[in-house]
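What follows is a set of notes on a single structure, which appears directly below.
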Amino acid sequence: MTAAKPVAFGASDKLTFLLSLVPYLMDHDRVSVTAVADHFGVTPERVRDAVNLIAMSGVPGETRQYLHGDLFDIQWDEFETNDNIVLTHLVAIDDSPRFSAREAAALIAGLQYLSALPENGDRDAIATLMAKLTRSSTGAPSQLAVSRTDADVAISVIQAAVRAGTQVEFDYLNARGTDEHRCVDPLRIESVDNDWYLRGWCHLREAMRTFRLDRMSNLRSTDVPADAHDDGLLLPDTLFQGTADDLTVTIELPAAALELLADYGPVPHGPADDDGRSRAQLRVSHFHGLKRLVAGLSGVVTVMDPGLARQTVAEWAAAGAARYESPATAQSEPTAGATT
């Protein structure tokens, strides 16, 4: 790494340097004068002067006089002989609020999860923050690890393809229950609730498509370069986009739940009736796409029409319920409904 060039310091710059130097030294148990000078872009002489000044700084005690315990202190032999800085006594800063060991452990676990997300590429910065949390907590945080899921593995594969500028290919189980082989230029990975999605250019459909990661199998990065998409190819803000071939479905749900349909774009709906329920119109690529909606809003959504949409949902719900029935009960015909 190329060291920063030393710069001239005014009075305000000297104060800023001192205020930045103390936390830096606290984060480093032992650091050389040269390393500090390279980090801040100052001369070694400037660092030595600042360290000598820090050693005369502190907060007076109850007697309003400076006693030994009221000042910063360093290992002078190490400083004068080996040009290394080791703080041995801190003042004032130690009195600031700190995270408990449990709080630090929870934050570190969250940072471990964030470091696995593809949009967080600066893992060194996250690792540095985790180290600071470990050092500055009131006790040693519990050792936690965030286990990797199938989605994490898929994200890693897709992320590697994005960095390499290559296509990914996989077998995809669509909402109709049909497997199709897809080759995709990966553009973005997004999460909605507990589900992860890949958004990219599908070479089979020759259009932008969205894929759920948990429906992929045999995912791998290829050596085929991804197409150079021009600036005209923009990813829409909403996860799901309608087309001219979409089907219109009328559903009924509480008016207060209409906001839960935001992923479907603008949803025309009528006024609420006396029971507080409203009818809304959705556009879906096929009726099988209603399965995820009604499963996620169980007991909230009722599919009204067309009849084929009601039948599709009713048969899917009946097939799912049949898996929980006893052999004796399964002999009777299930009642198909369109409410879930």
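A few points about this structure:
- Leading residue by the ranking (nearest to Pro225 (Cα to Cα)) among those in the range 170-190 that are outside any strand (DSSP E or B) and touching a helix residue (DSSP H, G or I) at 6+ places or on another chain (Cβ under 9 Å): Asn174
- Residue match in the range 85-92 (condition: within 21 Å of Ala131 (Cβ to Cβ), at pLDDT 55 or above and under 35 Å from the mean Cα position of the chain (by Cα)): no
- Residue satisfying all of: in the range 194-213; assigned to a loop (DSSP other than H, G, I, E, B) and touching a residue at least 24 places away in the same chain (Cβ under 8 Å); nearest to Ala309 (Cα to Cα) among these: Leu204
- Top-ranked residue in the range 259-306 [being modelled with pLDDT under 85 and of a type in the set (Asp, Glu); ranked as farthest from Trp196 (Cα to Cα)]: Glu259
- For the range 282-319, the set of residues classified as among the small types (Gly, Ala, Ser) and either open to solvent by 30 Å² or more (accessible area, probe 1.4 Å) or under 19 Å from Thr248 (Cα atoms) (or both) consists of Ser285, Gly289, Ala295, Gly296, Ser298, Gly299, Gly307, Ala309, Ala314, Ala317, Ala319, listed by residue number.
- Check on Val162, modelled with pLDDT under 70, of a type in the set (Val, Ile, Thr) and surrounded by 15 or more Cβ atoms within 10 Å (Cβ to Cβ): no
- Breaking point among (1) free of Cβ contacts under 8 Å to residues at least 60 places away in the same chain; (2) surrounded by 13 or more Cβ atoms within 10 Å (Cβ to Cβ); (3) over 18 Å from Thr81 (Cβ atoms), for Val22: (1)
- So Arg283, is it touching a strand residue (DSSP E or B) at 6+ places or on another chain (Cβ under 8 Å) and in contact (Cβ under 8 Å) with a residue 40 or more places away in the chain: yes
The values are calculated or read from the model by the stated rules, or taken from the named source; none is laboratory data. Here the structure is a predicted model, which is why all the values come from computation and not from measurement. Quick reminder, even Gly has a Cβ in these numbers, built from the backbone with ideal geometry, and neighbours come from all protein chains shown. Protein only, heavy atoms only, side chains kept; ligands, DNA and RNA dropped before computing areas. Shrake-Rupley method; radii C 1.70, N 1.55, O 1.52, S 1.80 Å.
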